[in-house]
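The structure under discussion appears below in the form of structure tokens.
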């Protein structure tokens, strides 16, 4: 089983970023959905034995000039993910996509559109931003089932969802 932590909109807040990651055990993957693209680079100790996949936010120079891909496609345990900071950058979504992970709005969300799950982990910019508390997502993934846990910065589960193939 793989375990993914999904973070977005950390905006340089190393304290909350580190807290979210150290709350969790057995993480195999870290997905960072932008703003700020380099935040994980400042934490090599948190990356040990984990695969990092990240996309830039809309103000990153690499996003603006196109030198860093705005979208990453990842396949894990037979599930297909699209990672993007701004969901509006998605012009066409493959019918093989199971989950779209996006940030930008700082708003924790979960929605199903045309059998595709859209998840936004919220933000880790500060304990509260835009009247929204700091949140992130943890996914436990196997070939047949994904368990999604939406969490506050203290690690407390707010909501959980299960997706089956």
Among the numbered criteria (1) outside any strand (DSSP E or B); (2) closer than 13 Å to residue 121 by Cβ; (3) touching a strand residue (DSSP E or B) at 6+ places or on another chain (Cβ under 6 Å), which single criterion is violated by residue 6? (1)
What pairs come out if I take residues in the range 115-132 that are farther than 16 Å from residue 163 by Cβ and pair them with residues that are part of a strand (DSSP E or B) and modelled with pLDDT under 95 whose C-beta lies under 6 Å away, six or more apart or interchain? 123/129
Mind counting the residues in the range 47-62 that are surrounded by 18 or more Cβ atoms within 10 Å (Cβ to Cβ) and in contact with a helix residue (DSSP H, G or I) (Cβ under 9 Å, 6 or more places away or on another chain)? 4
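Quick test for you: out of 106, 123, pick the one residue that is crowded, with 17+ Cβ neighbours inside 10 Å, touching a strand residue (DSSP E or B) at 6+ places or on another chain (Cβ under 8 Å), at positive phi and assigned to a loop (DSSP other than H, G, I, E, B). Lay out the reasoning, then the answer.
Numbers: 123 fails: at positive phi.
Being crowded, with 17+ Cβ neighbours inside 10 Å, touching a strand residue (DSSP E or B) at 6+ places or on another chain (Cβ under 8 Å), at positive phi and assigned to a loop (DSSP other than H, G, I, E, B) holds for just one of 106, 123, which is 106.
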Out of 139, 162, 148, sole residue that is surrounded by fewer than 16 Cβ atoms within 10 Å (Cβ to Cβ) and either outside any strand (DSSP E or B) or modelled with pLDDT of 95 or more (or both): 162
Can you pull out every residue in the range 11-32 that is in a loop (DSSP other than H, G, I, E, B), touching a helix residue (DSSP H, G or I) at 6+ places or on another chain (Cβ under 9 Å) and closer than 15 Å to residue 52 by Cα? 27
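Among 83, 99, which is the only one that is surrounded by 16 or more Cβ atoms within 10 Å (Cβ to Cβ), touching a strand residue (DSSP E or B) at 6+ places or on another chain (Cβ under 7 Å), in contact (Cβ under 8 Å) with a residue 40 or more places away in the chain and under 20 Å from residue 164 (Cβ atoms)?
Numbers: 83 fails: under 20 Å from residue 164 (Cβ atoms).
When all the criteria are applied, what remains is 99.
I'd like to know if the range 56-64 contains one or more residues that are touching a strand residue (DSSP E or B) at 6+ places or on another chain (Cβ under 6 Å), more than 22 Å from residue 140 (Cα to Cα) and part of a loop (DSSP other than H, G, I, E, B). Steps first, please.
We begin by selecting, within the range 56-64, every residue touching a strand residue (DSSP E or B) at 6+ places or on another chain (Cβ under 6 Å); these are none.
No, the range 56-64 contains no residue that is touching a strand residue (DSSP E or B) at 6+ places or on another chain (Cβ under 6 Å), more than 22 Å from residue 140 (Cα to Cα) and part of a loop (DSSP other than H, G, I, E, B).
Hey, among 35, 41, which residue is assigned to a loop (DSSP other than H, G, I, E, B) and modelled with pLDDT under 95? Show your work before the answer.
On the way: 41 fails: assigned to a loop (DSSP other than H, G, I, E, B).
Of the residues listed, the single one that is assigned to a loop (DSSP other than H, G, I, E, B) and modelled with pLDDT under 95 is 35.
The values are calculated or read from the model by the stated rules, or taken from the named source; none is laboratory data. Small disclaimer: the values here were computed from a predicted structure and weren't measured. So basically every Cβ, Gly included, is an ideal-geometry build from the backbone, and we count neighbours across all protein chains shown.
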